[in-house]
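Participant: Quick one: the structure is below, questions incoming.
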Amino acid sequence: MEIPDDRYKGKTPHTITNVPAGIHTINLTLTGYLDWSTNVHVTAGETTHVLATLTPIATGDIRINEIMYNPSTEQGSDTDMEWIELYNNDTETINISGWTIDDNPISNNVMQPWDYVVLARNKAAFEAYYGALSCSVIDVTFVLSNNPGDTIVLRNSAGAEIDTVTYQASWGADGNGKTLERKETGG
Ligand SMILES: [Ca+2]
Ligand SMILES: [Ca+2]
Ligand SMILES: [Ca+2]
């Protein structure tokens, strides 16, 4: 807990005394949880109560499962038709909201165990080509280089690396309409 001006005040539950009247910022941090912050208005002679519920940082066995890094000319432009498929290999529901692909945020999405989600550079173009899928498709900003290949990094909302893939055009799927898909063995 910090109040005010970034001064550490101790662990919760905690009562801070002799706080000047006015607005102060309280920050709570706990390993494994998202940082929490609020502004409190302190009135002279009164005790102001602050209650916080911290949200656990989701982590888990989410995998970069399949990638389309170079769609064929027939499929469309790379700007529209690149996509990355994630797979929840965990037995738990995982909220990937605020996770990132190459530092680009993923919008709200919750993955049930064994769920797939497609991160598309252009969801509208993706769905126009592939039709409706049984998994969700969400727009995410990213660029997958064609040749010599690229590294894709998936991080959770705390910035911890969850999965990464480095592919090379020599693996195939380079503009021929095919994709790269992870093997059962992980390779
Ligand atoms: Ca292409
Ligand atoms: Ca590309
Ligand atoms: Ca990259």
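Participant: Would you mind getting me the FRET efficiency between LEU30 and SER145? Use the beta-carbon distance for r and R0 = 41 Å, nearest 0.05. Each step should come with its number before you reach the end.
Facilitator: Working: r = 38 Å, r/R0 = 0.94.
Once rounded, the FRET efficiency stands at 0.60.
Participant: Report the extension gain between GLN112 and THR12 in nm, rounded to one decimal, defined as 0.36 nm multiplied by the number of residues separating them, less their alpha carbon distance. Present the calculation step by step, with values, prior to reporting the outcome.
Facilitator: Working: separation 100, 0.36 × 100 = 36.00 nm, distance 3.31 nm.
Going from the current span to full extension adds 32.7 nm.
Participant: Could you pull out which residues in segment 23-40 have an amide N less than 17 Å from a spot 7 Å beyond the Cα of LEU54, following the Cα-Cβ vector?
Facilitator: 26-38
Participant: Continuing with this model, one more query. Between SER72 and ALA158, what length comes free when the chain is fully extended (0.36 nm per residue of separation minus the Cα-Cα distance, one decimal in nm)?
Facilitator: Details: separation 86, 0.36 × 86 = 30.96 nm, distance 3.56 nm.
Computed gain between SER72 and ALA158 is 27.4 nm.
Participant: Can you tell me which of TYR130, TYR33, TYR69 moves the most in a GNM of the chain? Springs connect C-alpha atoms under 10 Å apart.
Facilitator: Judging by the Gaussian network model, the answer is TYR130.
Participant: Most fluctuating residue of ASN39, ASN156, ASN88 in a GNM of the chain with Cα springs under 10 Å: which is it?
Facilitator: It is ASN39.
Participant: So what is the 222 nm mean residue ellipticity for the chain from helices alone, if each DSSP H run of at least 4 adds -39500 (n - 2.57) and you divide by all residues, rounding to the nearest 500 deg cm²/dmol?
Facilitator: Computed ellipticity for the chain at 222 nm equals -1500 deg cm²/dmol.
Participant: Using the alpha carbon gyration tensor of segment 1-56, what are the three equivalent-ellipsoid semi-axes (square root of 5 times each eigenvalue), largest first, in whole Å?
Facilitator: On the way: eigenvalues 86, 23, 20 Å².
So the three semi-axes of segment 1-56 are 21, 11, 10 Å.
Participant: Stokes-Einstein D for the chain at 20 °C, 1.002 mPa s, Kirkwood Rh over Cα pairs, in µm²/s? If you can, show how the numbers build up before the last one.
Facilitator: On the way: Rh = 19.2 Å.
Taking Rh from Cα pairs, D becomes 112 µm²/s.
Participant: Once you've got the GNM for the chain with C-alpha springs shorter than 10 Å, pick whichever of LEU51, LEU119, LEU133 has the biggest mean-square fluctuation.
Facilitator: Maximum fluctuation in the GNM of the chain, among the listed residues, is at LEU51.
Participant: Next question. Using the Cα centre as the reference, give the magnitude of the dipole from point charges on the C-beta atoms of segment 62-181 (Lys, Arg: +1; Asp, Glu: -1; all else neutral), rounded to the nearest 20 debye. Can you show the working numbers first?
Facilitator: Working: 5 positive and 18 negative charges, 15 e Å.
It works out to roughly 80 debye.
Each reported figure results from applying straightforward, stated rules to the coordinates on display, with no laboratory input. Given the structure is predicted, the values throughout are model-derived calculations rather than measurements. Reconstructed Cβ throughout: ideal geometry from the backbone, glycine too, with neighbour counts over all protein chains shown.
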